[in-house]
Amino acid sequence: MNTYNYLKNVISAKGAAYLILLDPDKLNEDKLADFISICSRSGVDGFLIGGSLMINGDMSSFTKRLKSLTDLPAIIFPGSVNQVTPTADAILYLSVISGRNPEHLIGKHVLAAPLIKKAGIEVLSTGYIIVDSGSMTTAQYMSGSFPMPRNKPEIAAATALAAEFMGMKFIYLEAGSGAELTVPDEMVKAVSSFCSIPIIVGGGIKSPDVARNKVKNGAGIIVTGNFFENENNWHLIKDFASAVHVKKSSLV
């Protein structure tokens, strides 16, 4: 499977793609089969796998188990170099372009590159913009980067455009796991109007209506994560997928 082409085709056909982030540290493998079954029936388009830390989870075995349960793409969302595994389909090759920490602009990438080549997985170069969400998030803390001011959509747009000109395939606007505030719709709109590459938006998205508004403002991919670590929310997965798939929903 060519993951990049797959995601582009989903965006073209459905208006936007819907991915769920799985953290091996937080989702028990005993519950994985039930969760993936619900996701597959509900219209989820693929999965991101990773976390800022990997304390108890095993990235390789978790991804292998995931791939045994679904044909949907499993994409590494790396929190560190040691999360590279050949059992995945692809990896978001993240460069934290919102900050000026050289380790997360190029340093870690040099260490990861030989591992990724050896693993033989597809590389999805991604400009990662951490957006101020009202409190310090794990992504902000671990990267040692200042977040993008949420009231400066023009800075985000110019930064994203620079990343596109540098050859990146995606822009990821990230409010952070469990964020108090999502990425502002105005920022999503500004970035999408400047850029011709898909815009991924994640962090703090806790309702289908919020997800739909991000798509209406130009998001090409929506990511939800820790909201579905609570089993009581699993029944809402289909509602999220329907909200994101604006073309499909308009035909119903």
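Tabulated data
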quantity: Tally of residues being crowded, with 21+ Cβ neighbours inside 10 Å and either assigned to a loop (DSSP other than H, G, I, E, B) or aliphatic (A, V, I, L, M) (or both) across the range 37-56; calculated: 6
quantity: Hits in the range 193-234 (condition: closer than 17 Å to LEU161 by Cβ and of a type in the set (Ser, Thr, Tyr)); calculated: SER193, SER196
quantity: Residue check, SER95 part of a strand (DSSP E or B) and of a type outside the set (Val, Ile, Thr); calculated: yes
quantity: Residue in the range 227-244 that is surrounded by the most Cβ atoms within 10 Å (Cβ to Cβ), counting only those that are free of Cβ contacts under 8 Å to residues at least 40 places away in the same chain and within 17 Å of ASP23 (Cα to Cα); calculated: PHE227
quantity: Candidate set: the range 187-224, residues that are among the β-branched types (Val, Ile, Thr) and outside any strand (DSSP E or B); chosen: the one surrounded by the most Cβ atoms within 10 Å (Cβ to Cβ); calculated: VAL191
quantity: So ILE221, is it among the β-branched types (Val, Ile, Thr) and within 30 Å of LYS31 (Cβ to Cβ); calculated: yes
quantity: Scope the range 122-172; condition hydrophobic (A, V, I, L, M, F, W, C), in a loop (DSSP other than H, G, I, E, B) and within 17 Å of the chain's Cα centre (by Cα); matching residues; calculated: MET168
quantity: Selection within the range 11-36 - touching a Gly at 6+ places or on another chain (Cβ under 8 Å), surrounded by fewer than 21 Cβ atoms within 10 Å (Cβ to Cβ) and at pLDDT 95 or above; calculated: ILE11
quantity: Sole exception among (1) within 26 Å of ASN28 (Cβ to Cβ); (2) under 19 Å from the mean Cα position of the chain (by Cα); (3) without any contact (Cβ under 8 Å) to a residue 40 or more places away in the chain for TYR93, by number; calculated: (1)
quantity: The range 64-87, subset outside any loop (DSSP other than H, G, I, E, B) and under 16 Å from the mean Cα position of the chain (by Cα), residue farthest from LYS108 (Cα to Cα); calculated: ALA74
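Quick grid of which residues meet (1) touching a strand residue (DSSP E or B) at 6+ places or on another chain (Cβ under 9 Å); (2) under 25 Å from THR138 (Cβ atoms):
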{"site": "GLY15", "(1), (2)": "no, no"}
{"site": "TYR18", "(1), (2)": "yes, yes"}
{"site": "PHE47", "(1), (2)": "yes, yes"}
{"site": "ASN56", "(1), (2)": "no, yes"}
{"site": "SER61", "(1), (2)": "no, yes"}
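The values are calculated or read from the model by the stated rules, or taken from the named source; none is laboratory data. A quick note: this is a predicted structure, and the numbers were derived from the prediction, not measured. Glycine gets a Cβ as well: all are built from the backbone with ideal geometry, and neighbour counts include every protein chain shown.
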